Amino acid sequence: MLQDIGPHVFRNEFSLKRPPRASDWVMAFRDRNILVSGNGKDVPLRLPEVSSFDKGKLLYLFSADSRACYLYTGDPDALGIPGFSWQSTVTLRSENPRLICFAGFTAWHLHSWYITNRFCGKCGAETAHSENERALFCPRCGNIIYPRIAPAVIVGITDGDRLLITRYRDRPYRGPALIAGFCEIGETPEQTASREAMEEVGIRIRDLTYAGSQPWGLDGNLLMGFMAKADGNTRIIRDENELAEAVWLSREEIPEPDTVISLTRTMISNFKRHGFNFGNGNGITGGN
Ligand SMILES: [Zn+2]
């Protein structure tokens, strides 16, 4: 999966004190675009380096191995670095190379949080950066704002050798999907799985088995995956507002996903190859 970047090591310990070095990476965003060179296809993506930026406009994000990643906080329209251009963050799904793509997803997550919390939601004053933890705080009323991570659940519903495959309606992603939804206030991830299964396809589930997790920074999510068995009736009652399609496919019929960048596709691939009991390690380690 995208976050499986070994042998590289991702370090997200917070620090405002690490001084930028010339070869550190800079993440610059404009709307939903990132400043990169390459295309992620035949030419691997590259990030611009600190030496091209005004160091006073860089905010430390995290490190990958010994290289740090900074967020550019200045005016994106003022940037002009030869060889680099604005490309949709969708390019980061290319996984070419995976380290830069995962770093880009995660930087986008933080960038989105920073730009939507410039002012205190409680009193309206301008927020400031905490010096000892990753947080914004309000100098006027003391309100503290931590990065927002939205927990969501993916559930692969099975009936013997079959897996319930869906396709979303009205979302950019058109590939095969599983039942999924956000955790609502007051429920556990397991309860989210049961509720979503009932809401989206009218199926009761049992025997939930943990199948792995994934940070998905492009949408600010933390995904938790479960496999489950249909409990009794397997007749699909599709939520037509949410899903364009919902069908049972046997392991043979399931198309092998072209990539296992996402938890959804990893779960589908693992079920196709190993059946229901792929848990026990496969899903958790990524299965690619
Ligand atoms: Zn305030």
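The values are calculated or read from the model by the stated rules, or taken from the named source; none is laboratory data. Only a predicted model underlies this, so the values are computations on that prediction, with no experimental measurement involved. Note: ideal-geometry Cβ built from the backbone for every residue, glycine included; neighbour counts use all protein chains shown.
Looking at region 125-183 only, could you name the residues that are within 16 Å of the ligand (Cβ to nearest atom), in a loop (DSSP other than H, G, I, E, B) and surrounded by fewer than 18 Cβ atoms within 10 Å (Cβ to Cβ)? Give the steps one after another, and end with the answer.
Let us first name the residues in region 125-183 that are within 16 Å of the ligand (Cβ to nearest atom), namely 125-130, 135-146.
Going one step further and asking which of them are in a loop (DSSP other than H, G, I, E, B), we end up with 125, 127, 130, 135, 138-143, 146.
Residues satisfying the conditions are 125, 130, 135, 139, 140, 141, 142, 143, 146.
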Inset, instruction - Scan region 108-124 for residues that are among the β-branched types (Val, Ile, Thr) and either within 16 Å of the ligand (Cβ to nearest atom) or touching a Phe, Trp or Tyr at 6+ places or on another chain (Cβ under 6 Å) (or both) and jot them down. - result: 116
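Could you say whether any residue in region 78-101 is of a type in the set (Phe, Trp, Tyr), away from the ligand (no atom under 16 Å from the Cβ), modelled with pLDDT of 95 or more and in a strand (DSSP E or B)?
Let us first name the residues in region 78-101 that are of a type in the set (Phe, Trp, Tyr), namely 84, 86.
Imposing the further condition that a residue be away from the ligand (no atom under 16 Å from the Cβ) reduces the set to 84, 86.
Next cut, modelled with pLDDT of 95 or more only: 84, 86.
With in a strand (DSSP E or B) added as a condition, the list becomes 86.
The answer is yes; a qualifying residue exists.
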Inset, instruction - Take region 201-233 and flag every residue that is out of contact with any helix residue (DSSP H, G or I) (no Cβ under 8 Å at 6 or more places or on another chain) and of a type in the set (Val, Ile, Thr). - result: 201
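Look at residue 277 and say whether it is at pLDDT below 95 and not in a loop (DSSP other than H, G, I, E, B). Walk me through it before giving the result.
Working: at pLDDT below 95: yes; not in a loop (DSSP other than H, G, I, E, B): yes.
So residue 277 fits the description; yes.
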Inset, instruction - Check region 105-115 and report whether any residue there is farther than 21 Å from residue 257 by Cα, assigned to a strand (DSSP E or B), touching a strand residue (DSSP E or B) at 6+ places or on another chain (Cβ under 8 Å) and at pLDDT 95 or above. - result: no
Inset, instruction - Output the residues belonging to region 85-101 that are touching a Leu at 6+ places or on another chain (Cβ under 8 Å) and more than 15 Å from residue 33 (Cα to Cα). - result: 95, 96, 97, 98
Inset, instruction - Looking at (1) over 19 Å from the mean Cα position of the chain (by Cα); (2) at positive phi, find the lone condition where residue 212 falls short. - result: (1)
Legend entry - Inter-residue pairs, beta-carbon under 8 Å, first outside any strand (DSSP E or B) and in region 210-226, second at pLDDT 95 or above and of a type in the set (A, V, I, L, M), 6+ apart: 217/107; 217/110; 218/92; 219/150; 220/149; 220/150
Inset, instruction - Return only the number of the condition from (1) over 21 Å from the mean Cα position of the chain (by Cα); (2) not in a loop (DSSP other than H, G, I, E, B) that residue 241 does not satisfy. - result: (2)
